[in-house]
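Down below is the structure, laid out as structure tokens.
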């Protein structure tokens with residue numbers, strides 16, 4: 001996965017953790033052109049897909065070209081219980097169920113909800129946006145050591161398939177390691 005596609009995917013996941021049900025990715029023309037250079041997007045275009053369709057298929061959300069790089073979606077108001085602070089959008093709830101709740105609220109309007117703490121409040125839905133930070137994305141395309149193919153684990157961390165080079169952060173080991181039983 002390319003660094004740019006990785007960054008956009010990270011922000012799609014971040015939007016979900018912030019209580020936004022992502023529905024659309026808006027990219028600037030410049031960012032969209034960079035995304036078209038992604039390996040997966042290129043393969044989809046070679047198979048005959050339109051560039052917008054290829055980008056949509058690679059990200060899993062519809063893609064539009066606009067003025068900003070952002071994820072747009074719907075979210076609950078309030079996003080947390082006003083009394084206890086628990087999130088309304090529970091990450092363990094299936095996305096399809098959240099979508100059904102949002103459609104219900106859009107159709108019938110605000111609804112009284114009761115939190116697990118027993119507090120009653122009014123729940124509604126609003127359009128929400130999350131801007132994608134494009135700073136710090138790796139621009140590497142080849143391994144700096146051998147010139148071979150690299151793979152990205154995030155928008156900044158990569159490794160080489162050929163020689164084993166990587167720029168991954170070392171794992172921190174706290175305390176002493178336990179010895180293996182014999």
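The values are calculated or read from the model by the stated rules, or taken from the named source; none is laboratory data. If you're wondering where the values come from, they're calculated on a predicted model, not measured in any experiment. Note that each Cβ is placed from the backbone with ideal geometry, even for glycine, and that neighbours are counted across all protein chains shown.
Any chance you could count how many residues in region 115-128 are within 30 Å of residue 38 (Cα to Cα) and without any contact (Cβ under 8 Å) to a residue 60 or more places away in the chain?
Just the residues of region 115-128 that are within 30 Å of residue 38 (Cα to Cα), to begin with: 127-128.
Going one step further and asking which of them are without any contact (Cβ under 8 Å) to a residue 60 or more places away in the chain, we end up with 127.
Residues in region 115-128 being within 30 Å of residue 38 (Cα to Cα) and without any contact (Cβ under 8 Å) to a residue 60 or more places away in the chain: 1 in total.
Taking only pairs six or more apart or across chains, which ones have beta-carbon atoms under 8 Å, a first residue in region 51-66 that is in the same structural domain as residue 10 (by TED's automatic domain parsing), and a second residue that is part of a loop (DSSP other than H, G, I, E, B)?
51/36; 54/36; 55/36; 56/62; 57/49; 58/38; 65/28; 66/28
Okay, residues lined up against (1) assigned to a loop (DSSP other than H, G, I, E, B); (2) touching a strand residue (DSSP E or B) at 6+ places or on another chain (Cβ under 6 Å); (3) within 30 Å of residue 115 (Cβ to Cβ):
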residue	(1), (2), (3)
11	no, yes, yes
16	no, no, yes
37	yes, no, no
57	no, no, no
83	yes, no, yes
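Looking at this structure, is residue 87 farther than 30 Å from residue 160 by Cα and in contact with a helix residue (DSSP H, G or I) (Cβ under 8 Å, 6 or more places away or on another chain)? Reasoning before the result, please.
Details: farther than 30 Å from residue 160 by Cα: yes; in contact with a helix residue (DSSP H, G or I) (Cβ under 8 Å, 6 or more places away or on another chain): no.
The answer is no for residue 87.
If a residue must be surrounded by 14 or more Cβ atoms within 10 Å (Cβ to Cβ) and in a helix (DSSP H, G or I), how many such residues does region 43-55 contain?
First pass over region 43-55, keeping only residues surrounded by 14 or more Cβ atoms within 10 Å (Cβ to Cβ): 44-45, 49, 51-55.
Right, trim to in a helix (DSSP H, G or I) and you get 44-45, 51-55.
Adding up the residues that qualify gives 7.
Which one is modelled with the highest pLDDT, of the residues in region 104-139 that are surrounded by 15 or more Cβ atoms within 10 Å (Cβ to Cβ), part of a loop (DSSP other than H, G, I, E, B) and under 24 Å from the mean Cα position of the chain (by Cα)?
132
Please determine, by comparing only the residues of region 59-81 that are touching a helix residue (DSSP H, G or I) at 6+ places or on another chain (Cβ under 8 Å) and in a loop (DSSP other than H, G, I, E, B), which one is surrounded by the most Cβ atoms within 10 Å (Cβ to Cβ).
Filtering first and then ranking leaves 69.
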